[in-house]
Amino acid sequence: MTDDRVATSTPRPARRRTRLPRAVVPVLVVVIVGCLGSLGYLAGSRAEDGASPSERVAAVFGEDDSAVRERESAMSQAEQFVLRVHTYGPQLLDAKNAMPEYRELVSEVMTPKFGADFEEQAGLAEATVAQAGVARTAEVFSYGTATIDDDSATVLVAGSFATSYPDPQAPEDSAKRIDTDAIPFRYEVSLKKIDGDWLVDAFQDLTGEPEQGQLPQQLPQDPSEPAAPLVPEEGATP
């Protein structure tokens, strides 16, 4: 006997998308805003004890304040090193055509070992200033900690320095100077912690071979002529 019945499948009901009731949406918005406000309050409350912005954020997310302070101290010292080593000019010369204040300011942020290396090269800067009237200023755009532990740190510093020299048309007028274009730089500054202070122990130029503005190997005959560049080795003072 033949079964003439045709097998049929029962269609599955279409899935219904679950939607939040309209009354719930405003409640969720209020909760989210409240959470953000709480984070803001916790971060802002740190300002009462003089905490920096990074310390306030660290406090919210549980980072140790001492670690934040150490990182900021290392970065600040690296910034000071770059600014000080790239800031000098005729106004710093003494009666012996030396720049003792420049040497002192830069040496203050260096380890004794690196400071000794700097003293050997500082004479080049003094010579360019005394003989060609060269001056230099620096600006730091940004910096950040690459590595840090209990007694050593590596900080990346980016910025630029500009060099100027007396106007050849008016060499006796100290107010008239020729400004060169700013030269960008990226440095990797290595620091060591000695007696509780972060001090620069070496640095590496990540920009590549330095261009005009580096301490020259030979002084130009005419102050308007560009100086021959000096290619520094790792840890050498620019």
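Bear in mind that the values in this text are calculations on the coordinates, not laboratory data. Model, not experiment: these values are computed from the prediction. For neighbour counting, all protein chains shown are included, and Cβ atoms are generated from backbone atoms with ideal geometry for every residue, glycine included.
Report the net charge of residues surrounding Ala98, where surrounding means a beta-carbon distance below 12 angstrom and charges are Lys +1, Arg +1, Asp -1, Glu -1. Please list the in-between numbers first.
Details: positive: Lys96, Arg103; negative: Asp94, Glu101, Glu104, Glu119, Glu126.
The answer is -3.
At 7 Å along the Cα-to-beta-carbon direction for both Ser152 and Leu206, put a label point, then send me their distance in nm to one decimal.
So the two model labels end up 1.8 nm from each other.
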